[in-house]
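S.K.: Below: one structure in structure tokens.
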Amino acid sequence: MPAGQIHTRGGDGGTCGLLGNLRVPKDHPRVECLGELDEVNSTIGLLRSKVPVSHSWQPRLQGIQRNLMDAMSNLATPAGYEGGLEMPFPMEATLELEEWLDEIEERLPSTTDSFLLPGGSEVSALCHVVRTQVRRAERRIATLHQAEPVAVAILSFVNRLSDVFFKLAREELAAQDIPEEKWKLFVYKA
């Protein structure tokens with residue numbers, strides 16, 4: 001194949017390649033996970049294009065994109081692959097998200113009393129789109145994890161990632177002085 005050529009015709013039969021030249025159906029749970037995280041990463045790229053280059057979120061959003069690429073590399077490695085190449089995923093990635101969550105929470109009022117409607121501004125709404133894509137990816141990863149173990153660090157990272165985008169959506173509304181739209185109070189039964 002010439003350098004730079006993207007079409008290989010390898011997937012024309014409905015399969016795709018994983019690390020180690022293993023071919024699996026394009027709807028294999030591992031491939032589903034890769035596709036979901038790729039969509040998340042692309043939407044974060046769109047979000048980054050909507051905020052100024054100098055915005056305080058930019059370095060961390062780029063870091064998240066890089067961590068997503070590392071997570072996809074890990075997930076593209078089939079269980080039991082013995083090619084000698086390990087694709088570890090660092091638990092520090094989750095700790096960085098938790099640190100960012102703590103910083104945001106210090107600046108925002110509590111929302112422990114009601115559900116919020118997504119929207120308010122384009123950037124806030126886009127944060128909610130990323131949040132829901134991350135949740136879908138998390139469900140696909142959980143499905144894969146039932147069949148083949150997934151690194152705990154990836155499970156934790158993806159779980160925390162949706163929380164970050166919920167908080168970023170709220171932070172954006174606060175920064176723009178746009179009121180949050182409450183839908184319904186939480187009702188807890190004793």
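S.K.: If you roll a 1.4 Å probe over the heavy atoms of the protein chains, what accessible area per residue do you get for segment 111-172, in Å²?
M.R.: 41 Å²
S.K.: Is segment 107-162 rounded, prolate or oblate when judged by the Cα gyration tensor, a ≥ b ≥ c being the square roots of its eigenvalues, rounded requiring a/c under 1.5 and prolate requiring a/b larger than b/c? Write out the running numbers ahead of the final one.
M.R.: On the way: a/c = 2.79, a/b = 2.10, b/c = 1.33.
Judged from the Cα gyration tensor, segment 107-162 comes out prolate (a/c at least 1.5, a/b above b/c).
S.K.: Computing the accessible area with a 1.4 Å probe over protein heavy atoms, can you report the carbon and sulfur percentage for segment 111-162? Don't jump to the answer; show the numbers that get you there.
M.R.: Numbers: 1310 of 2330 Å².
Of the solvent-accessible surface of segment 111-162, carbon and sulfur hold 56 percent.
S.K.: Name the residues whose placed amide hydrogens come within less than 5 Å of the amide hydrogen of Val51, ignoring near sequence neighbours (fewer than 5 apart) on the same chain.
M.R.: Under 5 Å from the amide H of Val51: no residue qualifies.
S.K.: So how much slack lies between Glu39 and Arg136, counting 0.36 nm per residue of separation and subtracting their Cα-Cα distance, in nm? The partial results should precede the final answer.
M.R.: Details: separation 97, 0.36 × 97 = 34.92 nm, distance 1.04 nm.
In short, 33.9 nm is gained.
The values are calculated or read from the model by the stated rules, or taken from the named source; none is laboratory data. On a predicted model such as this, the values are computed, not experimentally measured, just so you know. Please note that ligands, DNA and RNA were not included when accessible areas were found on the heavy atoms of the full protein model with its side chains. Shrake-Rupley method; radii C 1.70, N 1.55, O 1.52, S 1.80 Å.
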